[in-house]
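Asks: One structure, pasted below without further comment.
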Amino acid sequence: MASAAAAAASATTSSKKTMLRVLIFPFFATSHIEPFTDLAVRLVAAGPAVEATVAVTPANVPVVQSLLRRRGQPEHVKIATYPFPAVDGLPEGVENLSRATEADAWRIDAAALSEHLTRPAQEALARAQSPDAVVTDVHFAWNVRVAGELGVPCVAFSAIGAFPTLALHHLEREDVDNGDVDVATVPQFPGPSIRVPRAELPEFLRGRGRYSMISKIVPVEDCFCQAMNTSLELERQYCEMYMLRGYAKRAYFVGPLFSSSSPSHSPAGGVDDQQPPCIGWLDSKPGRSVVYLCFGSLTHVSDAQLRQLALGLEAAGKPFLWVVRDAGNWTPPEGWSERVGDRGLLVTAWAPQTAILGHPAVGAFVTHCGWNSVLETVMAGVPVLTWPMVFEQFITERLVTEVLGIGERLWPCGAGLRSTRHEEHEVVPAGDVARAVTAFMLPGGAGDAARSRVMDLAAKCRAAVAEGGSSHRDLRRLVDDLMEARAKKNCLA
């Protein structure tokens, strides 16, 4: 009996030694932690001999835990922690952009890009874990060197797609900080010409004396490979450009990385496991009649803009489900709730975005063009009205409206100044909100044409992640290549 137990224990130890152990470092934001955790789940599912560990700071552990519960608590996905760096002025326990105030958000960004602040804890964990491969967010440039010192491959994983990633790289080379340049054209880009007003460029591309963010992120060309949360079916010409022009030694397009049972998103950046009342409310509405509005977990909308949005939705006369993040002390205009009645539902707590988008009552999505939201709406086959707010969202909007044709701008070009700097961004008037929503929801109009295109994309992207699809094949290829790299290392040892 003792001999049998010893043999079983020996077999278990041997099995663990043969497993490919992958250590994964996501950036300090729920919008990054989610796809990185889903990558861990997919890696484990792609190969029975893979163990994936998601490395986060203590305050971000609940986000990963809840995601894993929703994914069936896969046995070989683990969580490891390392301390969040001490940042002057940042309240204790605030370790996620989604939980930071607008005034404190830059401190988290600065910490993430600081080798002095963040590398020591991440490196100590990596050395203690002794993984066979390191998967890093692009913010943590030093992990390429850490992986090299450990003698293991480093995988740069991008939480955004090929189109915005390439556009940022190409714009970085242009002199767009010149005050005389009003509109930047993305150079050497396939497909339609992509033009972006200077005010809509990410902050690091604007203003004299700007720092180069691209120079501070992971040097992808030095990594073992680049993996992206996208698919060939969604961004084929840009994925092919990425491979053919040598931006990375190897490229794997493994998305969309989420499932239809994706968790509920809290406005505070957390995740909730309970079914919300909004799904019951949607059950009472006709098919494709509801406009869903949500601007993600990072966007701060002014009280003045919230008021105009409320009045615009009222005037449009369409059923709507509106998720308001961090509403604070804001209240709707006097009498608004009574006038809207059951036609509208305002959610200030949390809402399960994938479940909402997948509901047959939803006919359109007013989105900030965050990459996760773009993938979710594509997979659900729901057309969009775009309202970008920050960073690369204005660039991603061009993919959605000008390349894929699955939506339209909510605020027409030339109607007013849009900007990645909130203090410059003009308030979108209620009349423009009402006109855009009403026109988009008209039968036979732009919304229906966009729906036809996005439903076709949805079928292709679902096929991509299914067994034998392009994203599934790339995921298996990534696992195989990492295992081959480990085998070569062991042969040389």
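Asks: Confirm whether THR438 is among the hydroxyl-bearing types (Ser, Thr, Tyr), out of contact with any Cys (no Cβ under 6 Å at 6 or more places or on another chain), touching a residue at least 40 places away in the same chain (Cβ under 8 Å) and farther than 28 Å from THR230 by Cβ.
Replies: yes
Asks: In the stretch 168-183, which residue that is under 14 Å from PHE204 (Cα atoms) and modelled with pLDDT of 65 or more is surrounded by the fewest Cβ atoms within 10 Å (Cβ to Cβ)?
Replies: If we take residues in the stretch 168-183 being under 14 Å from PHE204 (Cα atoms) and modelled with pLDDT of 65 or more, then ARG173 is surrounded by the fewest Cβ atoms within 10 Å (Cβ to Cβ).
Asks: So, in the stretch 224-242, exactly how many residues are of a type in the set (Asp, Glu) and either within 29 Å of VAL146 (Cα to Cα) or in contact with a Gly (Cβ under 7 Å, 6 or more places away or on another chain) (or both)?
Replies: So the count comes out to 1.
Asks: So, in the stretch 366-401, of the ones that are among the aromatic types (Phe, Trp, Tyr) and not in a helix (DSSP H, G or I), which residue ends up farthest from VAL454 (Cα to Cα)? Break it down into steps so the answer makes sense when it comes.
Replies: Step one: list which residues in the stretch 366-401 are among the aromatic types (Phe, Trp, Tyr), which gives 371, 387, 391, 394.
Still in the running and not in a helix (DSSP H, G or I): 387, 391.
Numbers: TRP387: 18, PHE391: 24 Å.
Step by step, filter the stretch 366-401, then rank; the result is PHE391.
Asks: Oh, and also: What are the residues in the stretch 368-406 that are out of contact with any Lys or Arg (no Cβ under 7 Å at 6 or more places or on another chain), modelled with pLDDT of 95 or more and among the β-branched types (Val, Ile, Thr), if any?
Replies: Result: VAL374, THR377, VAL378, VAL382, VAL384, ILE395, THR396, VAL400, VAL403.
Asks: Check the stretch 82-89 and report whether any residue there is modelled with pLDDT of 95 or more and either surrounded by 19 or more Cβ atoms within 10 Å (Cβ to Cβ) or in contact with an Asp or Glu (Cβ under 7 Å, 6 or more places away or on another chain) (or both).
Replies: Yes, some residue in the stretch 82-89 is modelled with pLDDT of 95 or more and either surrounded by 19 or more Cβ atoms within 10 Å (Cβ to Cβ) or in contact with an Asp or Glu (Cβ under 7 Å, 6 or more places away or on another chain) (or both).
Asks: How many residues does the stretch 215-254 contain that are part of a helix (DSSP H, G or I), modelled with pLDDT under 85 and of a type in the set (Lys, Arg)?
Replies: Adding up the residues that qualify gives 1.
Asks: Looking only at the stretch 283-323, count how many residues are in a loop (DSSP other than H, G, I, E, B) and of a type outside the set (A, V, I, L, M, F, W, C).
Replies: Of the residues in the stretch 283-323, 14 are in a loop (DSSP other than H, G, I, E, B) and of a type outside the set (A, V, I, L, M, F, W, C).
Asks: Might you let me know whether the stretch 411-431 holds any residue that is assigned to a helix (DSSP H, G or I), of a type in the set (Val, Ile, Thr) and either touching a Lys or Arg at 6+ places or on another chain (Cβ under 7 Å) or within 28 Å of VAL291 (Cβ to Cβ) (or both)?
Replies: No, every residue in the stretch 411-431 fails to be assigned to a helix (DSSP H, G or I), of a type in the set (Val, Ile, Thr) and either touching a Lys or Arg at 6+ places or on another chain (Cβ under 7 Å) or within 28 Å of VAL291 (Cβ to Cβ) (or both).
The values are calculated or read from the model by the stated rules, or taken from the named source; none is laboratory data. In this text, all values refer to a predicted model and were calculated from it rather than measured experimentally. Using ideal geometry, Cβ is built from the backbone for each residue, glycine included, and neighbour counts are taken over all protein chains shown.
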